[in-house]
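S.K.: Pasting in a structure now, in structure tokens, and then I'll have a few things to ask.
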Amino acid sequence: MLGKIEHVAVAVADLDAAIALYRDVWGLDVEHRERVEDQGVEEAMVRIGDSYIQLLGATGADTTVGKFLERRGEGLHHIAYEVDDLEGALTQLKAQGVPLIDEVPRRGGRGHMVAFVHPKGNRGLLVELIQKPSS
């Protein structure tokens, strides 16, 4: 079911400062930056090999990432895996009793369709499943 690790998401309090760190310390540049209003985030995608580090800044304190930052501070937010058939993956996980945050795919950044698997179903780790847009 799972393809490659598409990205590792890191919640950050100051997106511009995090971008500067990855540029100045690690020599990595932002390949894509986008505000995803319905998810309450601004994301910056930093390519590393065949995957990305996704820097996630909250658009407000009342957003999911804003609440995460308040409770836990900066750090690992989730891991995203690529899948070829997102709806099929969700159907399979639901049939196996895995708790889902999203039972139907929704639009994420970069035109991808995404769905989140609840951390309770994955040893405390939030998982995002991603299906790239058709070419």
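The numbers here are math on the coordinates, done by the rules we state, and not lab data. Computed from a prediction, not measured in an experiment: that's the story for all the values here. Reconstructed Cβ throughout: ideal geometry from the backbone, glycine too, with neighbour counts over all protein chains shown.
S.K.: Pairs needed: first member in the range 56-68, free of Cβ contacts under 8 Å to residues at least 12 places away in the same chain and over 9 Å from Gln39 (Cα atoms); second member anywhere, part of a helix (DSSP H, G or I) and among the hydrophobic types (A, V, I, L, M, F, W, C); C-beta distance under 9 Å; at least 6 residues apart or different chains.
M.R.: Ala61/Leu69
S.K.: Within the range 121-135, work out how many residues are under 11 Å from the mean Cα position of the chain (by Cα) and in a loop (DSSP other than H, G, I, E, B).
M.R.: Number satisfying all stated conditions: 1.
S.K.: Can you find a residue in the range 111-132 that is without any contact (Cβ under 8 Å) to a residue 12 or more places away in the chain, exposed (fewer than 13 other Cβ atoms within 10 Å of the Cβ), within 16 Å of Tyr81 (Cβ to Cβ) and not hydroxyl-bearing (Ser, Thr, Tyr)?
M.R.: Checking the range 111-132: at least one residue is without any contact (Cβ under 8 Å) to a residue 12 or more places away in the chain, exposed (fewer than 13 other Cβ atoms within 10 Å of the Cβ), within 16 Å of Tyr81 (Cβ to Cβ) and not hydroxyl-bearing (Ser, Thr, Tyr).
S.K.: Sticking with this structure for a sec: Looking at the range 78-96, can you tell me whether even one residue there is more than 17 Å from Leu2 (Cα to Cα) and not hydrophobic (A, V, I, L, M, F, W, C)?
M.R.: No; the residues of the range 78-96 include none that is more than 17 Å from Leu2 (Cα to Cα) and not hydrophobic (A, V, I, L, M, F, W, C).
S.K.: Among residues belonging to the range 64-95 that are in contact with a Leu (Cβ under 9 Å, 6 or more places away or on another chain) and more than 25 Å from Arg23 (Cβ to Cβ), point out the one that is surrounded by the fewest Cβ atoms within 10 Å (Cβ to Cβ).
M.R.: Per the stated criteria, the residue is Lys94.
S.K.: For the range 5-20, give me each residue that is surrounded by 14 or more Cβ atoms within 10 Å (Cβ to Cβ) and farther than 19 Å from Phe68 by Cα.
M.R.: Of everything in the range 5-20, those that are surrounded by 14 or more Cβ atoms within 10 Å (Cβ to Cβ) and farther than 19 Å from Phe68 by Cα turn out to be Ile5, Glu6, Ile19.
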